[in-house]
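The values are calculated or read from the model by the stated rules, or taken from the named source; none is laboratory data. It should be emphasised that the depicted structure is a prediction, and the values quoted were computed from it without experimental measurement. As a convention, Cβ positions derive from the backbone with ideal geometry for all residues, glycine included, and neighbour counts pool all protein chains shown.
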Amino acid sequence: MSALSPRVTDRPNVSVNSPQVGGITSKSPERDTERSTADGPNEQGGTDGDHTDAGRDPQSPQSGQPAQGRDLARAALQAARERANARGTEPGVVRRKRGGLGIPGQNPRRRQWSGPGFDERDPQPLGRLASRLAGQLGWAERLATGQVFGQWARLVGDEVAEHAQPVTLKDGELTVRASSTAWATQLRLLQRQLLAKIAKGVGHGVVTRMRIQGPTAPSWRKGPRHVSGRGPRDTYG
């Protein structure tokens, strides 16, 4: 072979009618018309089962791809049906609770009943509620004073009420002023019976003790200066 003979090399068979432009051949890629069975009907109007070119189902375990989209929805619906069948109900159907009247438009949370024991939601007497409110607002002492003063004649009797009047009630101590020293002594002797009558009328603990005072004597002082003496005596008793 001559030294000037051309060198022959192996090159791919390139057709003359298909020139390369910009390094890209004129051969167009094939259009993939296969669709996943989870996407529903294809563009030709058929179902996903009509195409068998893929060779395997994307939902099957052989595909190696996790379920997505509608597959997850189907799985969740199937799980809900299984739980509903175990409970004996249908999915999406809510059982109505027993014990209610089922009035339309009524809030079921408001239809509640208390148990057989005592409950604050049970109907209660007005007096009990008023006493609780007075205790919370600090009105108990004023209400007790008003009861003793307003019902004094009924509590101790007309004869005692005619010669003795209540003055103050503070911290359970009732101050009573008698019309004379004789009645003051009589009230001291009747103190235990009077306390029992008051407790029976207005309740225990309202008046725990009594302080009896005699009549108030007028002052005989005249002018800014005076001499200390024996003071007022029982002139008006």
What are the residues in segment 185-218 that are charged (D, E, K, R) and more than 30 Å from S131 (Cβ to Cβ), if any?
-> R188
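Using the structure shown, decide if L187 is under 12 Å from G214 (Cα atoms) and either at pLDDT 95 or above or surrounded by 14 or more Cβ atoms within 10 Å (Cβ to Cβ) (or both).
Details: under 12 Å from G214 (Cα atoms): yes; either at pLDDT 95 or above or surrounded by 14 or more Cβ atoms within 10 Å (Cβ to Cβ) (or both): yes.
Answer is yes for this residue.
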Could you please tell me which pairs satisfy a Cβ distance under 9 Å, a separation of 6+ or placement on different chains, a first residue in segment 72-84 that is at pLDDT 85 or above, and a second residue that is assigned to a helix (DSSP H, G or I) and surrounded by 11 or more Cβ atoms within 10 Å (Cβ to Cβ)?
-> R74/A38
Kindly check whether there is at least one residue in segment 154-161 that is surrounded by 15 or more Cβ atoms within 10 Å (Cβ to Cβ) and either in contact with a His (Cβ under 9 Å, 6 or more places away or on another chain) or not in a helix (DSSP H, G or I) (or both).
-> no
Does any residue in segment 160-171 that is without any contact (Cβ under 8 Å) to a residue 12 or more places away in the chain come within less than 6 Å, Cβ to Cβ, of a residue that is in a strand (DSSP E or B) and of a type in the set (S, T, Y) six or more places away or on a different chain, and which pairs are these?
-> T168/T175
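Table: residues versus (1) in contact with an Asp or Glu (Cβ under 9 Å, 6 or more places away or on another chain); (2) surrounded by fewer than 15 Cβ atoms within 10 Å (Cβ to Cβ); (3) among the hydrophobic types (A, V, I, L, M, F, W, C).
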site	(1), (2), (3)
R128	no, yes, no
E141	yes, yes, no
R177	no, no, no
R209	yes, yes, no
S228	no, yes, no
Scan V167, V148 and give me the residue that is under 49 Å from the mean Cα position of the chain (by Cα) and not in a strand (DSSP E or B).
-> V148
